[in-house]
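Undergrad: Handing you this structure, nothing more for now.
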């Protein structure tokens with residue numbers, strides 16, 4: 001028999017629905033797992049065990065009385081420490097905000113609270129979700145980075161401390177730690193999920209995302225989280241699809257493989273594994289064709305950085321003036337660079353962003369999804385950095401939805417992922433294709449902890 005903490009979100013939800021498992025049993029199992037592993041892996045900035053047990057007991061009473069009210073009812077989770085939580089410290093990995101306790105929940109936390117999810121605590125983030133590493137350790141090899149900025153979220157999900165966790169992505173902060181830790185990472189279209197009460201990094205690109213153990217878990221999460229919030233000026237009023245139905249019987253997708261820059265900038269093993277994955281999907285029935293979007297992805301990354309750093313500089317300017325010495329070196333460098341860009345630099349970058357959106361949309365006219373490596377190689381053996389953000393950047397820059405699934409282990413025993421992207425608000429299509437690929441590949445990775 002599997003231990004409760006080993007269950008994925010959807011497996012745990014089914015066990016709770018069929019009365020084979022109680023939310024309290026699941027929460028106690030996850031708390032014990034956290035107690036066992038967190039001294040080594042340091043996934044959590046703030047733990048809330050008493051609150052978690054209280055929430056689990058409440059969920060159990062509700063489920064006994066009237067059944068689960070959502071796929072998340074009674075399921076433990078972690079929230080990246082930039083998601084405001086009422087009465088619980090939200091420090092964003094910063095010395096400046098070390099004692100910051102919000103009075104209200106962020107919109108995503110409030111949504112899953114209403115759905116009955118059980119908050120276990122706040123997962124470590126890089127400082128202000130930027131480049132200065134969090135203390136979390138990669139569960140596959142503690143000498144290698146666990147990625148960022150959703151560092152603790154990736155570690156907690158991969159090591160089975162929780163079935164899922166919130167992350168956020170401005171450049172590559174959900175999909176990269178998901179790939180480095182061997183789990184599924186997903187961000188929807190920009191504006192698909194409210195980010196009210198999530199501490200900003202660069203507001204033109206900040207996406208709420210999730211890290212989980214399967215694409216089915218991701219579909220369940222999006223079915224709860226997607227929707228319009230008039231209080232968030234960037235949240236979009238768009239129809240919400242039935243994401244759970246979309247993955248029930250997915251057909252073999254039409255895949256546009258992007259080699260070019262992604263292959264040129266990957267290490268040899270990543271290129272080989274991506275080719276092998278592509279061939280396996282094709283043999284299983286997927287239509288695969290190479291596509292060239294006509295995008296200079298290297299230049300696009302520079303444009304993304306120009307806008308990102310300008311916006312992080314704008315957000316932090318009032319606080320940076322009085323607390324510059326309390327910022328980490330990398331986030332301070334981002335902010336200073338942001339002060340140096342001219343308005344013409346920003347507009348030039350914004351224009352190329354629009355061109356990338358148009359070219360990407362055009363390329364999806366004849367395929368369902370685009371496929372490329374998630375990262376250029378496995379997690380580096382360097383705890384002073386969080387890894388290569390370039391490959392995740394195009395879909396944060398354009399705001400298109402993207403997802404990574406594990407595809408296996410590199411020769412050094414560290415995970416690699418394949419990244420799929422799709423057009424705006426076509427998350428149902430993206431999840432269906434990723435679920436089909438996940439089933440075809442049959443890869444599920446468990447770190448040796």
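The values are calculated or read from the model by the stated rules, or taken from the named source; none is laboratory data. This one's a predicted model, so the numbers in the text were calculated from it and none came from an experiment. Virtual Cβ from ideal backbone geometry, glycine too; neighbours counted across all protein chains shown.
Undergrad: Can you tell me how many residues within region 400-426 are surrounded by fewer than 24 Cβ atoms within 10 Å (Cβ to Cβ) and in a loop (DSSP other than H, G, I, E, B)?
TA: Result for region 400-426: 9.
Undergrad: How many residues does region 119-131 contain that are buried (at least 24 other Cβ atoms within 10 Å of the Cβ) and over 19 Å from residue 329 (Cβ atoms)?
TA: Of the residues in that region, 4 qualify.
Undergrad: Then there is this: Being more than 30 Å from residue 351 (Cβ to Cβ), out of contact with any strand residue (DSSP E or B) (no Cβ under 9 Å at 6 or more places or on another chain) and not in a helix (DSSP H, G or I) is true for just one of 285, 294. Which residue is that?
TA: Of the residues listed, the single one that is more than 30 Å from residue 351 (Cβ to Cβ), out of contact with any strand residue (DSSP E or B) (no Cβ under 9 Å at 6 or more places or on another chain) and not in a helix (DSSP H, G or I) is 285.
Undergrad: Taking residue 349, is it out of contact with any helix residue (DSSP H, G or I) (no Cβ under 9 Å at 6 or more places or on another chain) and either within 22 Å of residue 423 (Cβ to Cβ) or assigned to a helix (DSSP H, G or I) (or both)?
TA: When the stated conditions are applied, residue 349 does not pass them.
Undergrad: Could you list all residues from region 191-204 that are touching a helix residue (DSSP H, G or I) at 6+ places or on another chain (Cβ under 6 Å) and buried (at least 23 other Cβ atoms within 10 Å of the Cβ)?
TA: 193, 194, 201, 202
Undergrad: Criterion first (surrounded by 22 or more Cβ atoms within 10 Å (Cβ to Cβ), assigned by TED's automatic domain parsing to the domain that holds residue 141 and either more than 15 Å from residue 165 (Cα to Cα) or free of Cβ contacts under 8 Å to residues at least 24 places away in the same chain (or both)) does residue 78 satisfy it?
TA: Against the criterion (surrounded by 22 or more Cβ atoms within 10 Å (Cβ to Cβ), assigned by TED's automatic domain parsing to the domain that holds residue 141 and either more than 15 Å from residue 165 (Cα to Cα) or free of Cβ contacts under 8 Å to residues at least 24 places away in the same chain (or both)), residue 78 does not qualify.
Undergrad: Answer with yes or no whether residue 3 is more than 17 Å from residue 61 (Cα to Cα), at pLDDT 95 or above, out of contact with any strand residue (DSSP E or B) (no Cβ under 8 Å at 6 or more places or on another chain) and surrounded by fewer than 17 Cβ atoms within 10 Å (Cβ to Cβ).
TA: When the stated conditions are applied, residue 3 passes them.
Undergrad: When region 32-69 is examined, which residues are found to be more than 30 Å from residue 448 (Cα to Cα) and assigned to a helix (DSSP H, G or I)?
TA: The answer is 54, 55, 57, 58, 59, 60, 61, 62, 63, 64, 65, 66.
Undergrad: Return only the number of the condition from (1) crowded, with 17+ Cβ neighbours inside 10 Å; (2) within 12 Å of residue 160 (Cα to Cα); (3) touching a helix residue (DSSP H, G or I) at 6+ places or on another chain (Cβ under 8 Å) that residue 32 does not satisfy.
TA: Residue 32 satisfies all of (1) crowded, with 17+ Cβ neighbours inside 10 Å; (2) within 12 Å of residue 160 (Cα to Cα); (3) touching a helix residue (DSSP H, G or I) at 6+ places or on another chain (Cβ under 8 Å) except (1).
Undergrad: When you scan region 210-227, do you find a residue that is closer than 27 Å to residue 305 by Cα, in contact with a strand residue (DSSP E or B) (Cβ under 8 Å, 6 or more places away or on another chain) and either surrounded by 21 or more Cβ atoms within 10 Å (Cβ to Cβ) or touching a residue at least 12 places away in the same chain (Cβ under 8 Å) (or both), even just one?
TA: yes
Undergrad: Please work out which residue is surrounded by the most Cβ atoms within 10 Å (Cβ to Cβ), limiting yourself to region 427-449 and to residues that are touching a residue at least 60 places away in the same chain (Cβ under 8 Å) and assigned to a loop (DSSP other than H, G, I, E, B).
TA: The residue in question is 447.
Undergrad: Also: I'd like to check something: does region 270-280 contain any residue that is in a loop (DSSP other than H, G, I, E, B) and either surrounded by fewer than 18 Cβ atoms within 10 Å (Cβ to Cβ) or not assigned by TED's automatic domain parsing to the domain that holds residue 424 (or both)?
TA: No, region 270-280 contains no residue that is in a loop (DSSP other than H, G, I, E, B) and either surrounded by fewer than 18 Cβ atoms within 10 Å (Cβ to Cβ) or not assigned by TED's automatic domain parsing to the domain that holds residue 424 (or both).
Undergrad: Take residue 134 and tell me if it is under 20 Å from residue 34 (Cα atoms), surrounded by 24 or more Cβ atoms within 10 Å (Cβ to Cβ), assigned by TED's automatic domain parsing to the domain that holds residue 224 and out of contact with any strand residue (DSSP E or B) (no Cβ under 6 Å at 6 or more places or on another chain).
TA: Considered against the rule, which asks whether it is under 20 Å from residue 34 (Cα atoms), surrounded by 24 or more Cβ atoms within 10 Å (Cβ to Cβ), assigned by TED's automatic domain parsing to the domain that holds residue 224 and out of contact with any strand residue (DSSP E or B) (no Cβ under 6 Å at 6 or more places or on another chain), residue 134 comes out as yes.
Undergrad: Looking at (1) in a loop (DSSP other than H, G, I, E, B); (2) farther than 30 Å from residue 330 by Cβ, which is the only condition residue 266 fails?
TA: (2)
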